[in-house]
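Enquirer: Quick one: structure below, then a few questions.
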């Protein structure tokens with residue numbers, strides 16, 4: 001007797017690109033060879049016809065609406081497995097793909113989002129249908145990401161994908177024991193990518209670093225500048241100085257003044273944001289990878305002990 005095949009699901013997030021960036025040849029994107037990020041989760045380039053079907057499933061059909069698409073799959077985050085009762089119609093219920101997307105931005109700033117995310121059930125799940133069922137992630141559940149473009153590479157290479165797999169494994173291992181400051185910084189860092197506007201991104205970036213480093217409710221600007229500078233020094237993040245940090249701290253006040261400008265505008269504010277976000281990304285990554293480093297954020301006293309305040313700044317922090 002032949003037993004019926006066990007129904008399978010595929011959760012996929014198709015990352016798209018217009019394939020015009022000059023560095024695509026010198027830094028080819030991941031995907032030609034699948035890279036395993038976690039058990040059942042890979043980054044790969046799925047067949048072009050299937051990727052187009054996934055993209056099409058996520059697009060509103062409209063009426064007599066059939067424009068020629070100017071972009072295509074770059075690579076996809078793909079998760080496969082057997083269907084159980086909880087997986088029939090739910091995309092990524094434990095947010096493993098979402099976590100991988102978030103951690104990918106610690107390696108390479110990118111705008112990877114779930115705009116083209118689908119949950120596909122194979123034919124064995126519904127044998128009375130002609131083929132697999134493709135369910136797009138509901139529009140209200142999709143998350144979009146943005147970053148300071150500056151014409152920099154914003155995709156993962158195979159080497160980056162391998163690093164992401166290592167980082168994801170480590171995060172899944174330690175996430176329950178991460179200090180609260182590291183978790184809060186990750187939360188705020190996630191929100192820095194959720195807005196296409198510069199000023200809210202500045203505010204969220206400052207808030208993320210404050211979640212990491214503030215040890216008191218007074219002299220907040222000075223704390224932000226002094227300890228962010230110390231953190232940048234330990235992490236070898238270049239092009240960060242006290243003047244830059246003070247300037248970025250000032251930008252956050254503009255959020256209340258309605259001066260919202262798009263992230264792709266370019267200019268000094270965008271470059272400043274990119275440089276300070278490099279400190280944040282490197283700090284969160286080190287906090288995940290290095291338990292001793294993460295322990296420095298357990299208490300205000302441990303932050304002060306790891307990064308002693310120089311005498312010339314002690315007064316500004318109220319420590320004189």
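Enquirer: Which percent of Cα pairs goes in each bin when the distances of the stretch 269-320 are cut into 5 angstrom slices starting at zero?
Expert: Answer for the stretch 269-320: a P(r) of 4, 17, 17, 18, 19, 19, 7, 0 percent.
Enquirer: Moving on. Show that you can apply the helix-only estimate: for the chain, add -39,500 (n - 2.57) for every DSSP H stretch of four or more residues, divide by all residues, and state [θ] at 222 nm to the nearest 500.
Expert: -13000 deg cm²/dmol
Enquirer: Sticking with this structure for a sec: Using alpha carbons only, how many degrees (0 to 90, rounded to 10) separate the axis of helix 158-174 from the longest principal axis of the chain?
Expert: The helix 158-174 is inclined about 70 degrees to the chain.
Enquirer: Please report the relative contact order for the chain, taking Cα pairs under 8 Å with a sequence separation of at least 6, and give it as a percent rounded to a whole number.
Expert: In percent, rounded to a whole number, it is 19.
Enquirer: Report the full-extension gain for the segment residue 234 to residue 72: residue separation times 0.36 nm, less the Cα-Cα distance, to one decimal in nm.
Expert: Gain on stretching residue 234 to residue 72: 54.3 nm.
Enquirer: Between residue 221 and residue 306, take the C-beta separation as r, use R0 = 22 Å, and let me know the FRET efficiency to the nearest 0.05.
Expert: 0.60
Enquirer: A further question on this structure: Taking the Cβ-Cβ separation of residue 20 and residue 84 as r and a Förster radius of 30 Å, what is the calculated FRET efficiency to the nearest 0.05?
Expert: It comes out at approximately 0.10.
Enquirer: Also, I was wondering about something else. Could you tell me the distance between the Cα centroids of the stretch 172-201 and the stretch 276-292, to the nearest Å?
Expert: Result: 11 Å between the Cα centres.
Enquirer: If one takes the longest principal axis of the Cα atoms in the chain, at what angle in degrees, from 0 to 90 and to the nearest 10, does the Cα axis of helix 198-213 lie?
Expert: Helix 198-213 and the main axis of the chain meet at about 70 degrees.
Enquirer: Something else now. Treating the stretch 8-141 as a set of equal point scatterers at the Cα positions, no solvent, please give the Debye-formula log₁₀ I(q)/I(0) at q = 0.10 Å⁻¹.
Expert: -0.34
Enquirer: Using the Cα gyration tensor of the stretch 161-231, with a ≥ b ≥ c the square roots of its eigenvalues, what is the shape: rounded (a/c below 1.5), prolate (a/b larger than b/c) or oblate (neither)?
Expert: Verdict is oblate for the stretch 161-231.
Enquirer: How far is it, in nm, from the label point at residue 63 to the one at residue 159 when both lie 7 Å from their Cα along the line to the Cβ?
Expert: Here the answer is 5.4 nm between the modelled labels.
Enquirer: Now a separate question. Go ahead and set up a Gaussian network model of the chain, Cα springs under 10 Å, then flag whichever of 221, 68, 275 fluctuates most.
Expert: 68
Enquirer: Against the longest alpha carbon principal axis of the chain, how many degrees, from 0 to 90 and to the nearest 10, is the axis of helix 242-251 turned?
Expert: 60 degrees
Enquirer: Springs between alpha-carbon atoms under 10 Å, Gaussian network over the chain: tell me which of 237, 78, 182 tops the mean-square fluctuations.
Expert: 237
Enquirer: Could I ask something else about it? Estimate the FRET efficiency between residue 151 and residue 191 by the formula 1/(1 + (r/R0)^6), using the beta-carbon distance for r and 25 Å for R0, to the nearest 0.05.
Expert: Efficiency computed from Cβ-Cβ geometry: 0.55.
Enquirer: No solvent, one uniform scatterer per C-alpha: report log10 I(q)/I(0) for the chain via the Debye equation at q = 0.10, 0.16 1/Å, two decimals.
Expert: The Cα Debye sum returns log10 ratios of -0.65, -1.36.
Enquirer: Another one. So what's the stretch 161-320 giving for Rg/Rh, alpha carbon basis, Kirkwood Rh from the mean inverse pair distance?
Expert: Radius of gyration over Kirkwood radius for the stretch 161-320 works out to 0.97.
Enquirer: Mean-square fluctuation check for the chain, GNM, Cα pairs under 10 Å: which of 190, 165, 81 is largest?
Expert: 81
All of the numbers you see were taken from the coordinates with simple rules; none came from a lab. Owing to the predicted nature of the structure, the values given are computational and were not obtained by experimental measurement. Please note: Cβ atoms are built from the backbone with ideal geometry, for glycine as well, and neighbour counts cover all protein chains shown.
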